[in-house]
Structure formats: C-alpha cells, structure tokens
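Here's the structure, in structure tokens; my notes come after.
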Amino acid sequence: MGVKLSNLPQLHILKTSAITVDDNGDIVWDNGKRPVTRSDAISQIIERLKRDLKNWDHEKISTLYTTLLDIEIAGHPERLQDLVNLSELPTEPIPTGMEKYPIWALDKEGSCLVGSGQLSIKKLTEVHRWFVTRKPGYCTKPDIKGCYLCNLANSKKDCRNNQIFFPL
C-alpha cells in the first residue's frame, strides 16, 4: 500500500520528473523510493526540497522561490522559518554595500529573493532604488528626492528615526 498523489498537497515538485505514479496510482520517487504513509511522503518531499535548495545552481531565482513555496506548503502547520534558515540560502555574492538590504539570495541574472514578511522576487537595481529613494508617508519635504538628501536626516536616520540607505 502506497501513497496516492491525490492525498498530497498541490506542490510544484509533484509535477516534475522527480515523481512518477505507478499502475496502482501510488507515487514513486525517481530513485525508486515509495512512501508508505502520507506523513512519510511529506517527510520525503521536505527532505528532497531541502536538498534541491542546497543544490540550487544560481540560474533562476524563481526556481529557488518555487522550492521555498513547496517547503512552506508541505511543512504546514510549521512556518517556513522553522524549516529553512533563509540566511543560509545559496546565493551569488551580494555586491558590497548591499548586505544591509533585505536580500536573501541573488541569481546570476541580478534577480533577488527579498522580503522580511512575505518573500518576493525583485531585480537588484529595483531593490536598491526603492530603499535609497523611498519617502515615507509622513515626509514633510516631498520635493526632496530621497531621505538621504534631506537636511532633517541625522546620523543615517530619517526624521522618524528609521535607517536611511545611501546610493552606492
């Protein structure tokens, strides 16, 4: 008795060549391994996804993002942060001076996995531009392009004591 594909959450990995379905409708990993129970299958999926994370080729950040989404869905009710240490994700070197931005990983094309709450994909240039030129809603000097140019800024902080990012 095995695990049916229909008994598992909808995951991207289940639509790849990593898994096949036998004549009985049970799932079989590409290495021949067959989970016996649903929890065994979920455990194997998370293990495989973590290995995929570790072996990410730095080509497309969307691949890394999809793998993280699958881990989060498969690991429910655990949070993604309980299953994966985002600060240990494989990445291309983050340019000097950009380490202070909320970038978790960078691919070879300059796309980043960013975010402190919900993860998203942004271009490195877009992340830098947003953090340097953002003007909060409470700004009293809307004619100034960015907080780093404002005379109200004091010791790398804006007028509400938030950190200011400067152009590189």
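Taking the alpha-carbon distance from LYS122 and a cut-off under 30 Å, which lysines remain once sequence neighbours fewer than 8 residues away in the same chain are dropped? Qualifying lysines at Cα under 30 Å: LYS15, LYS50, LYS54, LYS60, LYS100, LYS108, LYS135, LYS141, LYS145, LYS156, LYS157.
Over all distinct alpha-carbon pairs, what is the Kirkwood Rh of the chain in angstrom? In the chain this quantity evaluates to 18.6 Å. Compute the separation of the alpha-carbon centres of the stretch 127-168 and the stretch 61-81 and state it in Å as a whole number. Distance between centres, Cα-based: 33 Å. Applying both filters, DSSP loop and at most 13 other Cβ atoms within 10 Å, to the GluC sites (Glu not before Pro) of the stretch 74-123 gives GLU78, GLU99, GLU109. Loop-only check: which trypsin sites (Lys or Arg not before Pro) in the stretch 25-89 are DSSP coil with at most 13 other Cβ within 10 angstrom? Answer in residue order: LYS33, ARG79.
When the chymotrypsin sites (Phe, Trp or Tyr not before Pro) in the stretch 80-168 are filtered for DSSP coil states and for at most 15 other beta-carbon atoms within 10 Å of their beta-carbon, the remaining sites are TYR138.
Helix-only arithmetic for the chain: the sum of -39500 (n - 2.57) across DSSP H runs with n ≥ 4, divided by the residue total, places the mean residue ellipticity at 222 nm at -8000 deg cm²/dmol.
Summing charges over all other residues whose Cβ lies under 11 Å from the Cβ of ALA41, with Lys and Arg as +1 and Asp and Glu as -1, gives +2.
Read-outs: derived from the displayed coordinates by stated rules, not from any lab. As the structure is a computational prediction, the values presented were derived from the model and not from experiment. Please note: Cβ atoms are built from the backbone with ideal geometry, for glycine as well, and neighbour counts cover all protein chains shown.
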